[in-house]
1. So, in the range 146-171, of the ones that are over 18 Å from Leu101 (Cα atoms) and touching a strand residue (DSSP E or B) at 6+ places or on another chain (Cβ under 8 Å), which residue ends up surrounded by the most Cβ atoms within 10 Å (Cβ to Cβ)?
2. From the list His96, His45, pick out the single residue that is in contact with a helix residue (DSSP H, G or I) (Cβ under 6 Å, 6 or more places away or on another chain), surrounded by fewer than 22 Cβ atoms within 10 Å (Cβ to Cβ) and under 27 Å from Glu167 (Cα atoms).
3. Sort out which residues of the range 124-136 are touching a strand residue (DSSP E or B) at 6+ places or on another chain (Cβ under 9 Å) and either acidic (Asp, Glu) or buried (at least 21 other Cβ atoms within 10 Å of the Cβ) (or both), and write them in order of number.
4. Just name the residue that is farthest from Val90 (Cα to Cα) out of those in the range 29-56 that are among the hydrophobic types (A, V, I, L, M, F, W, C) and more than 16 Å from the chain's Cα centre (by Cα).
5. Only one residue in Thr157, Thr140 is over 18 Å from the mean Cα position of the chain (by Cα), of a type in the set (Val, Ile, Thr) and modelled with pLDDT of 95 or more. Which one?
6. List pairs: first residue in the range 142-160 and touching a residue at least 40 places away in the same chain (Cβ under 8 Å), second residue part of a helix (DSSP H, G or I) anywhere in the structure, Cβ distance under 7 angstrom, at least six positions apart or on different chains.
7. Just to confirm my filter: which strands (runs of 3 or more DSSP E) fall fully inside the range 1-94 and include at least 2 residues that are farther than 26 Å from Val158 by Cβ?
8. Checking the conditions here, which among Asp121, Asp108 is of a type in the set (D, E, K, R) and either within 14 Å of the chain's Cα centre (by Cα) or surrounded by fewer than 16 Cβ atoms within 10 Å (Cβ to Cβ) (or both)?
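The values are calculated or read from the model by the stated rules, or taken from the named source; none is laboratory data. For clarity, every value in this text was computed on a predicted model and none was experimentally measured. In this analysis, Cβ positions are derived from the backbone assuming ideal geometry, glycine residues included, and neighbour counts consider all displayed protein chains.
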Amino acid sequence: MTAETQEQTSLSFTEEMKGFVAMGETDFQRGREQGEKTNTALMFHLTITMDDVARFVEDPKHEGSAEGYVRCQQFGGERPVEKGVFNLFVDAAQPHRKLMLYRLFFDDDKGQPLTLYGFKDVNDDPGVDSIWKDTSTLYTRIFRGHVQPEGDATAETVAAGIITIHELDFLKQLTTFRAKGPSLAARADAIAQFGKLFLGSLWDVYGAKLPRLH
């Protein structure tokens, strides 16, 4: 397979996460607890796309695009994502820790720009069950305005909380992977490259907690 044909191979999947946030809160856990009490539910439904799987795997940022919608009654119900960025297993400052990052630009029903920023903290915590928790839990803030990464520290936080992938939604997600490329071999190779990156990154974090692949 030539580099040219490999560059033409893309991969996409859908992801749905649901949980609770609290308006005016900045702490993730307090936001989830308060949001659950007041039924301030927030969810998103995204299609995440890697236009060039080979480039995605090689790029340390492992960046793809995300499109879909954010739903929260406090922001006017279902709001389309104008632009979304997804980063898979970005290196963090500490060893044995990686982050999955989400940044979704949308407007509320009054036309006010907002940003959903979230991260999954993939960290070698005690216990095998931490692997599922780390990869299914998104610590979430809603910023006022369309905020780029360099503006996070000074951005106004409108709401904060935690959203998660439910087990049934995860099983559904596994059926949504789609590859597009010039040949069946190219599409199969794209899925294999993504899988190798995903499992390899998990091994880098959790090491002996995972079964060794032969």
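1. Result: Val158.
2. Selected residue: His96, the only one of His96, His45 that is in contact with a helix residue (DSSP H, G or I) (Cβ under 6 Å, 6 or more places away or on another chain), surrounded by fewer than 22 Cβ atoms within 10 Å (Cβ to Cβ) and under 27 Å from Glu167 (Cα atoms).
3. Asp124, Asp134
4. Ala41
5. Thr157
6. Ala159/Gly31; Ala160/Phe28; Ala160/Gly31
7. Answer list for the range 1-94: 10-23, 41-50, 83-91.
8. Result: Asp121 is the single residue among Asp121, Asp108 that is of a type in the set (D, E, K, R) and either within 14 Å of the chain's Cα centre (by Cα) or surrounded by fewer than 16 Cβ atoms within 10 Å (Cβ to Cβ) (or both).
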